[in-house]
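Data block below; observations after.
The values are calculated or read from the model by the stated rules, or taken from the named source; none is laboratory data. As the structure is a prediction and not an experimental result, all values here were calculated from the model. Quick reminder, even Gly has a Cβ in these numbers, built from the backbone with ideal geometry, and neighbours come from all protein chains shown. Protein only, heavy atoms only, side chains kept; ligands, DNA and RNA dropped before computing areas. Shrake-Rupley method; radii C 1.70, N 1.55, O 1.52, S 1.80 Å.
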Amino acid sequence: HFIRVNQEWERVLGYRVGDLENRNFLEFVHHDDLTVTREAMAKLAGQEDLFNFTNRFRCKDGSYRFIEWRATPQGDLVYAAARDVTGRMDAEAALRESEARFKALHNASFGGIAIHDRGLILDCNQGLTAITGYAQDELIGMDGLRLISPKSLDLVKENIAAQYEKPYDVI
C-alpha cells in the first residue's frame, strides 16, 4: 500500500495524492507487469534493495506511464523513489523499430553492403555473402580490405583515412 506519496504523482499520473495514499499500488500496475512487480516485491520483503526496476502504472486517464524505481526496505516498510521514464522507453522502442527497418532494408539489397570500422567488418548483408562466397559469420570480424580488388584498394584506404561515411561503389 502507498502510505505516503508526494505531489509529483499528481503531475505524472493525474491522481490526487489523496486518491493514492492508503491504496494498494498493485491496482495501478499494468496487468502484464504484475508478475515481475511481485518478484521485485519479494526481493524487498527479503530486505534486498531494488535499483532501476521499471514497470507501467495506469494514469487517471487510462493511459500508462513507465515508472523506474529505486527502493530500500526498512523492516515492514519500503522507502522508494520513482521517476517517469516513459520518454526514454518510447525513444528506445523507436530506435529498436528503426534498427529493425534498417536491417530489413540492408538485408533486402542485392548489392553487397558492409558496415565497417576502419576496414574491420562489423555487419554485412546477404548480398555481400553471395558476392564473396563467405558466410555472414565469416565476414563479420574480417579485415574487409582483403575483399577489395587492387583497382579500388587505394580509394577505399583513402576513404577510411578521411573517415568518409557515405556509400560508394568499389570493384
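Just one of (1) open to solvent by 50 Å² or more (accessible area, probe 1.4 Å); (2) outside any loop (DSSP other than H, G, I, E, B) fails for His1. It is (2). In this structure, is Asn6 part of a loop (DSSP other than H, G, I, E, B), open to solvent by 50 Å² or more (accessible area, probe 1.4 Å) and without any contact (Cβ under 8 Å) to a residue 12 or more places away in the chain? Spelling it out, Asn6 is indeed part of a loop (DSSP other than H, G, I, E, B), open to solvent by 50 Å² or more (accessible area, probe 1.4 Å) and without any contact (Cβ under 8 Å) to a residue 12 or more places away in the chain. Beta carbons closer than 6 Å, at least 6 apart along the sequence or on distinct chains, pair a first residue in the range 74-99 that is without any contact (Cβ under 8 Å) to a residue 12 or more places away in the chain with a second that is of a type in the set (Ser, Thr, Tyr) for Tyr79/Thr72.
Selection of the range 106-136 for residues being in contact with a strand residue (DSSP E or B) (Cβ under 7 Å, 6 or more places away or on another chain), closer than 15 Å to Asp169 by Cα and surrounded by fewer than 16 Cβ atoms within 10 Å (Cβ to Cβ) yields only Ile115.
Check Ala108, Ala135, Ala130 and return the single one that is farther than 30 Å from Asn52 by Cβ and at pLDDT below 90.
Working: Ala135 fails: at pLDDT below 90; Ala130 fails: at pLDDT below 90.
The conditions single out Ala108.
Of all residues in the range 142-160, those satisfying the criterion of being out of contact with any Leu (no Cβ under 7 Å at 6 or more places or on another chain) and either of a type in the set (Asp, Glu) or in contact (Cβ under 8 Å) with a residue 40 or more places away in the chain (or both) are Asp154, Glu158, Ile160.
Scanning the range 31-69 for residues that are charged (D, E, K, R) and closer than 16 Å to Phe2 by Cβ, which turns out nearest to the chain's Cα centre (by Cα)? Break it down stepwise before answering.
Residues of the range 31-69 charged (D, E, K, R): 32-33, 38-39, 43, 48-49, 56, 58, 60-61, 65, 68.
Now drop any that are not closer than 16 Å to Phe2 by Cβ, which leaves 58, 60, 65.
Values: Arg58: 22, Lys60: 27, Arg65: 17 Å.
The selected residue is Arg65.
Identify all residues within the range 95-105 that are open to solvent by 70 Å² or more (accessible area, probe 1.4 Å) and either modelled with pLDDT of 80 or more or on the phi > 0 side of the Ramachandran plot (or both); write none if there are none. Listed by number, the residues that qualify are Leu95, Arg96, Glu97, Glu99, Arg101, Phe102, Lys103.
Looking across the range 155-171, the residues that are surrounded by 10 or more Cβ atoms within 10 Å (Cβ to Cβ) and hydrophobic (A, V, I, L, M, F, W, C) come down to Leu155, Val156, Ile160, Val170.
The set of residues from the range 70-84 being within 20 Å of the chain's Cα centre (by Cα), of a type in the set (Gly, Ala, Ser) and surrounded by fewer than 17 Cβ atoms within 10 Å (Cβ to Cβ) is empty. Residues in the range 24-44 that are farther than 13 Å from Ala80 by Cβ and open to solvent by less than 80 Å² (accessible area, probe 1.4 Å): Asn24, Leu26, Phe28, Val29, His30, Asp33, Leu34, Val36, Ala42. Inside the range 9-23, residues that are surrounded by 16 or more Cβ atoms within 10 Å (Cβ to Cβ) and touching a Phe, Trp or Tyr at 6+ places or on another chain (Cβ under 7 Å) make up a count of 4. Of all residues in the range 139-154, those satisfying the criterion of being open to solvent by less than 100 Å² (accessible area, probe 1.4 Å) and under 14 Å from Leu120 (Cβ atoms) are Leu139, Ile140, Gly141, Met142, Asp143, Gly144, Leu145, Leu147, Ile148.
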